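The values are calculated or read from the model by the stated rules, or taken from the named source; none is laboratory data. Everything numeric here is computed off the predicted structure, so don't read it as measured data. All Cβ positions, even for glycine, are placed from backbone atoms using ideal geometry, and neighbour counts span all protein chains on display. For accessibility, only protein heavy atoms count, side chains too; no ligands or nucleic acids. Shrake-Rupley method; radii C 1.70, N 1.55, O 1.52, S 1.80 Å.
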Amino acid sequence: MSRSLLLPTAAGGLETYTLRGSVPARPAAGAAFNRVAYSAAHVVSDPLAAADPWVDCAIDWDATIGYRRHLWSLGLGVAEAMDTAQRGMGLDWPTSLELIRRSLDAARDFAGARVASGCGTDHLAPDAARTVEDVIAAYETQAQAIESLGGRLILMASRALVRVARGPEDYARVYGRILEQVREPVILHWLGDMFDPQLKGYWGSDDISRAMDTALEVIAAHAGKIDGIKISLLDKDREVEMRRRLPQGVRMYTGDDFNYAELIAGDGVGTLPTHAHSDALLGIFDAIAPAASAALAALAQGDTARFHEILAPTVPLSRHIFAAPTRFYKTGVVCMAWLNGHQDHFSMVGGQQSARSVLHVAQLFRLADQAGVLEHPGLAIERMAQWLAVHGVHQS
């Protein structure tokens, strides 16, 4: 099969692009990591379901759970039912809970498999929330449902809380009430408004420094109930600043899909070991899982140069996938799964395969090749050619 195809360019024409032919990096079997690493995993829609894709949430459960097995086989944990899975953006709470149940069941087949599951308030419409107590009750509903399945929690940011909170004290009240009840330490999640505009002003302030102070006060007051915090602000300096202020036993999980390599490698600075580096809970690890696994294995073996050699080429791809409007990054993640043969179609819950332009997807293909993360280049060429033909770009 040809290793070249015609791709559209920003100038309005077409160019012949030829694959570089780099071999994807893969770790040795059983390689151990010295970082905790979760991949926020996507869901695979069922395009043949008798459902309206803009309204109904039809999931291909076999393919969805199969992808989680792929992640576990690479040593990565699964952050389940998060925004990468289109949580609150097509994936509703009943389907999320079923996803969590199935994922936890499947994880029992993998020794040491990590699963942490998103717990939020998305079954409560933001405009239906009237008081802080409404938000607390919504969190309690989901926390109890997930813990009854044996799941560990990621406390997701709440759109309803943004609507009803009158200041930082309301955030402290909500998180305090929930953290007092949880069975096992949780991961908090501070998701920036570039990912979800409805979360602007989280922690009670538009000022990042003041918001960070509030989050740190909550963490300090409940450190024994908190495994770590994931921040997704796409600001490495803010992440490092907060990381160095975390109490003992609380990890920083990077959610920075622009600067993850240097944040995971760390800078060696800090009064506690966890101050010197970030662990990982990343959407981009879904798209580059074999490379992420190989890089983390190299880092654990003390080969920092190899770690950066593997991950550095993936950063331009990640920055492209997560380019503004950042909330549409899931389109790129699912496209990568399709190009790499992990699902049979490029179709998404809510029809979000159309959220990015043909030019965007063409550049994703180039960058994926240059990053060495096309797992089966011949298949990727074939599928990209088919997809381009649907959009009027024919190869002959």
Residue pairs within 6 Å by beta carbon, gap of at least six or interchain, first lying in the stretch 331-350 and under 14 Å from ASP60 (Cα atoms), second among the β-branched types (Val, Ile, Thr), listed first then second, are GLN343/VAL44; MET348/VAL334
Return a yes/no flag: does the stretch 77-100 have any residue that is open to solvent by 10 Å² or more (accessible area, probe 1.4 Å), under 22 Å from GLY228 (Cβ atoms), touching a residue at least 24 places away in the same chain (Cβ under 8 Å) and in a helix (DSSP H, G or I). yes
Out of everything in the stretch 292-347 that is acidic (Asp, Glu) and outside any helix (DSSP H, G or I), what residue ends up being surrounded by the fewest Cβ atoms within 10 Å (Cβ to Cβ)? ASP344
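Of these, TYR17, TYR38, TYR67, which one is open to solvent by less than 70 Å² (accessible area, probe 1.4 Å), in contact (Cβ under 8 Å) with a residue 40 or more places away in the chain, farther than 20 Å from CYS335 by Cβ and out of contact with any Phe, Trp or Tyr (no Cβ under 6 Å at 6 or more places or on another chain)? Break it down stepwise before answering.
Details: TYR17 fails: farther than 20 Å from CYS335 by Cβ; TYR67 fails: farther than 20 Å from CYS335 by Cβ.
After applying the criteria, what remains is TYR38.
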Just need a number here: residues in the stretch 119-148 that are aliphatic (A, V, I, L, M), part of a loop (DSSP other than H, G, I, E, B) and buried (at least 16 other Cβ atoms within 10 Å of the Cβ). 2
Answer yes or no: is there a residue in the stretch 104-115 that is within 23 Å of SER158 (Cβ to Cβ) and among the small types (Gly, Ala, Ser). no
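So which residues in the stretch 256-281 are of a type in the set (Asp, Glu), open to solvent by 20 Å² or more (accessible area, probe 1.4 Å) and part of a loop (DSSP other than H, G, I, E, B), if there are any at all?
If the condition is that a residue be of a type in the set (Asp, Glu), open to solvent by 20 Å² or more (accessible area, probe 1.4 Å) and part of a loop (DSSP other than H, G, I, E, B), then ASP267 is the only one that fits.
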Number of the condition not met by LEU367 [criteria: (1) touching a residue at least 60 places away in the same chain (Cβ under 8 Å); (2) not in a loop (DSSP other than H, G, I, E, B)]: (1)
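Conditions tested, residue by residue: (1) among the hydroxyl-bearing types (Ser, Thr, Tyr); (2) modelled with pLDDT under 95; (3) under 20 Å from the mean Cα position of the chain (by Cα).
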| position | (1), (2), (3) |
| --- | --- |
| ALA51 | no, yes, no |
| TRP72 | no, no, yes |
| LEU76 | no, no, yes |
| GLY88 | no, yes, yes |
| LEU99 | no, no, yes |
| ALA107 | no, no, yes |
